[in-house]
Amino acid sequence: MKTFYITTPIYYVNDIPHIGHAYTTIACDAISRYKRMKGYDVHFLTGTDEHGQKIQAAAEKKGITPQQLVDEIHKNFKDLWKVLNISNDDFIRTTEERHIKTVQAMFKKLIDQGDIYKGTYSGYYCVPCETYVPENAMGENKTCPDCGRPLTIMEEESYFFKASKYVPELIKFYEEHVKAVMPKIRYNEIMSFLKSGVHDQSVSRTSLKWGIPVPGDEKHVVYVWFDALINYASAIGYLDDPERFNKWWPDVRHMVGKDIIRFHCVIWPLMLIALGLNIPVEVIAHGWWTYNGEKMSKTKGNVVDPFAMVKEYGLDPFRYFLLREVPFGNDGDFSERALVGRINSDLANDLGNLLNRTLQMIKSYRDGIVPSCDDSSSDLSRLAPEILSRVDECMNDYAFDDALKAIWEFISRSNKFIDETMPWKLAKDENESQKLNHVLLNLYEALRLSAMLIAPFMPDTSEQIFSQLGLKDNPLKCQYDLFKWGDSSGNRIGEAKVLFPRIDVNEWQKA
Ligand code: MSP
């Protein structure tokens with residue numbers, strides 16, 4: 001069986017989860033569910049990044065130890081993944097033994113083979129971002145190009161990773177694998193960065209206590225990014241389970257925000273080359289969400305809380321909105337008005353109505369039993385295979401929005417089919433009985449296929465539709481390639497319920 005190993009970034013636990021975290025994780029969930037339906041053996045990893053300056057500072061502020069802080073805050077992420085119906089197979093914390101030992105073993109291996117050496121580092125450092133910033137990348141008045149805060153000069157003894165040594169090999173790899181970094185704009189960014197030269201990287205700190213001790217030199221702790229990146233390998237048994245590691249590693253891919261691609265597409269692959277491991281087959285970078293056009297920040301108090309969104313609008317509408325609203329890779333704006341718009345139009349009007357109208361008609365015209373007809377072919381049955389393969393292509397490119405657009409094209413076509421065939425007229429004429437059977441069977445099949453197609457994005461809704469259609473299978477367990485236009489005649493439909501209540505925009509505005 002083909003394997004598919006996908007990871008989210010591991011999230012800092014200095015703060016509560018927000019929409020950016022939810023977004024990456026939902027996207028990984030959708031692709032994982034999709035690949036499972038395609039018959040892949042999937043391993044989906046997420047977790048938390050628990051060491052470093054940010055965590056130490058957050059703990060100090062709260063007057064607790066870093067360990068207490070991470071033990072507390074990581075639970076918010078686990079809770080959120082439950083609320084968001086995330087199907088991750090593992091959750092790694094960088095304070096776990098399996099991870100700490102792996103980091104130390106890799107660090108030692110690189111020291112032993114001469115790829116990590118001791119030196120002195122001096123440079124401009126951004127404390128909140130925990131990065132040294134090269135002079136040519138600084139903002140005005142020596143500020144951090146990422147967060148805009150002032151930089152401080154730091155000098156410390158440090159271990160260095162000989163990143164520069166492996167750059168030519170990495171450039172060659174990317175020249176031969178143009179889809180290893182997606183989308184193209186990020187690939188180009190990484191290539192020009194690599195070609196402009198990469199310095200050896202400082203990979204330890206003496207200025208900080210909260211980290212993994214460097215093996216054999218405990219006044220140093222391992223730099224948090226060197227530590228964090230290794231989670232992708234430590235979680236699958238790099239150290240003590242070679243069989244498990246070799247099963248997943250060759251097909252590893254990372255989904256990340258565009259702000260952390262240098263770590264994932266430059267530093268990490270260089271570490272992997274030095275360690276003799278293959279480079280990730282894909283790094284997929286998504287854009288950033290703003291809120292009502294503004295950058296989210298705690299000081300502005302406009303950080304979107306995923307728990308609150310789910311409570312207010314429901315889980316599947318939230319999942320749908322995030323993946324449908326912006327092309328993956330682009331920046332997007334989160335606005336509740338736009339979310340309400342999508343709930344009313346795409347979900348309540350298009351999908352909800354199609355289900356409701358179809359079930360009502362099968363109930364009143366055929367006593368709730370799906371009728372049979374000699375030949376169910378129609379515009380819908382001819383469109384179905386085209387939609388299936390379009391969704392497949394889009395998913396291979398992580399174009400979630402286009403996949404959903406294709407599915408909604410099918411749903412809209414089905415609604416139009418009702419308007420064109422006017423089953424309420426057919427029902428009045430005995431001679432049109434066969435035609436009516438044909439229409440009802442077509443609509444039922446279209447809904448069965450649509451429910452399967454939306455399963456990776458909206459798993460609960462998909463199950464609800466199956467149950468309302470009276471289908472006993474679990475759509476998420478269906479194998480995509482076996483899902484074809486079929487003949488469901490004779491099935492008894494289940495109980496019809498409203499899938500997505502319409503939101504009264506006037507009332508909503510007042511609230
Ligand atoms: N701990 C590091 C990752 C280490 S991976 C080996 C980290 N953590 S983070 O919690 O700060 O960010 C995690 C992810 O959230 C990043 O991919 C980042 O792009 C994403 N987002 C943070 N804010 C975001 C938005 N406003 N919009 C979309 N994603 C954003 O970085």
TODO: Set the Förster radius R0 to 41 Å, insert the Cβ-Cβ distance between residue 377 and residue 1 as r into 1/(1 + (r/R0)^6), and round the FRET efficiency to 0.05.
DONE: 0.75
TODO: Could you tell me the distance between the Cα centroids of segment 306-375 and segment 64-120, to the nearest Å?
DONE: 38
Open item on the list: Quick check for you: with a 1.4 Å probe and neighbouring chains kept, what is the accessible area per residue of the chain, in Å²?
Closed with: 43
TODO: Pull out a ≥ b ≥ c, the square roots of the eigenvalues of the alpha-carbon gyration tensor of segment 279-414, then state rounded if a/c is under 1.5, prolate if not and a/b is larger than b/c, and oblate in the remaining case.
DONE: oblate
- [ ] Describe numerically, in nm with one decimal, the distance between label points set 7 Å from Cα along Cα→Cβ at residue 282 and at residue 71.
- [x] 4.0
- [ ] Quick one: which residues, 5 or more positions from residue 220 or on another chain, have an amide H under 5 Å from its amide H? H modelled 1.01 Å from N in the peptide plane, none for Pro or chain starts.
- [x] 214
Task: Set of segment 443-480 residues, backbone N closer than 14 Å to the point 7 Å along the Cα-Cβ line of residue 82 - done: none
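Using a cut-off of 13 Å between beta-carbons, work out the net charge of the residues near residue 259 (Lys and Arg +1, Asp and Glu -1, residue 259 not included).
Details: positive: 186, 258, 262, 295; negative: 146, 189, 331.
Charge balance in the 13 Å sphere: +1.
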Task: Rounded if a/c under 1.5, otherwise prolate or oblate - segment 57-112, Cα gyration tensor axes - done: oblate
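Probe radius 1.4 Å, ligands and nucleic acids left out: which of 313, 291 has the largest accessible area, and how do the rest follow?
Working: 313 20, 291 55 Å².
Largest accessible area first, the list is 291, 313.
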Open item on the list: Using a Debye calculation, one point per C-alpha and no hydration shell, please list log10 I(q)/I(0) for the chain at q = 0.05 Å⁻¹ in order.
Closed with: -0.24
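Going from most exposed to least, what order do 408, 288 have by accessible area with a 1.4 Å probe? Kindly include the intermediate steps, with their values, before the conclusion.
Details: 408 15, 288 110 Å².
Highest to lowest solvent-accessible surface, that is 288, 408.
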- [ ] Alpha carbons only, please: Rg and Dmax for segment 358-511, in angstrom.
- [x] 16.4, 53
Task: Derived scalar couplings ³J(HN,Hα) [segment 216-233; Karplus, 6.51 cos²θ - 1.76 cosθ + 1.60; whole Hz; x for Gly, Pro] - done: x, 8, 6, 7, 9, 10, 5, 4, 4, 6, 4, 4, 5, 4, 5, 3, 5, 9
Open item on the list: Skipping prolines and chain starts, which residues have an amide H placed within reach, meaning under 5 Å, of the one on residue 92, given they are 5 or more residues away or on another chain?
Closed with: 46, 47, 48
Open item on the list: Rounded to the nearest 10 Å², what accessible area does residue 339 have for a 1.4 Å probe in the complete protein model?
Closed with: 0
Task: Amide proton proximity set for residue 132, modelled H, under 5 Å, gap of 5+ - done: 126
TODO: Output the pairs from 35/179; 62/101; 54/219; 2/472; 363/472; 363/425 with a Cα-Cα distance over 21 Å in this structure; if there are none, say none.
DONE: 62/101; 2/472
Open item on the list: As a test of the definition: which semi-axes, in Å, follow for segment 12-69 when you take the square root of five times each eigenvalue of its alpha carbon gyration tensor? Largest first, please.
Closed with: 33, 11, 7
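Using DSSP loop states and a limit of at most 14 other Cβ atoms within 10 Å to flag GluC sites (Glu not before Pro), what is the longest stretch of the chain containing no flagged site? Mind showing how you got there, number by number?
Working: sites that count: 140, 495.
The segment 141-494 is the longest one with no such site.
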Task: Solvent accessible area, Å² - residue 210, 1.4 Å probe, full protein context - done: 50
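Could you check how much of the accessible area of the chain is carbon and sulfur, as a whole percent, using a 1.4 Å probe?
Working: 10920 of 22050 Å².
Reported share for carbon and sulfur atoms: 50 percent.
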- [ ] Calculate the dipole size of segment 99-258 relative to its Cα centre from +1 charges on Lys and Arg beta carbons and -1 charges on Asp and Glu beta carbons; express the result in debye to the nearest 20.
- [x] 320
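Calculate the all-directions average of the projected area of segment 208-296's alpha-carbon convex hull, and give it in nm².
Details: hull surface 31.3 nm².
The Cα convex hull of segment 208-296, projected and averaged over all directions, gives 7.8 nm².
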- [ ] Please work out the Cα center distance from segment 209-276 to segment 425-466, rounded to the nearest Å.
- [x] 48
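The values are calculated or read from the model by the stated rules, or taken from the named source; none is laboratory data. Model, not experiment: these values are computed from the prediction. Backbone-built Cβ (ideal geometry, glycine too); neighbour counts: all protein chains shown. We work out accessible area using only protein heavy atoms, side chains counted, and drop any ligands, DNA or RNA first. Shrake-Rupley method; radii C 1.70, N 1.55, O 1.52, S 1.80 Å.
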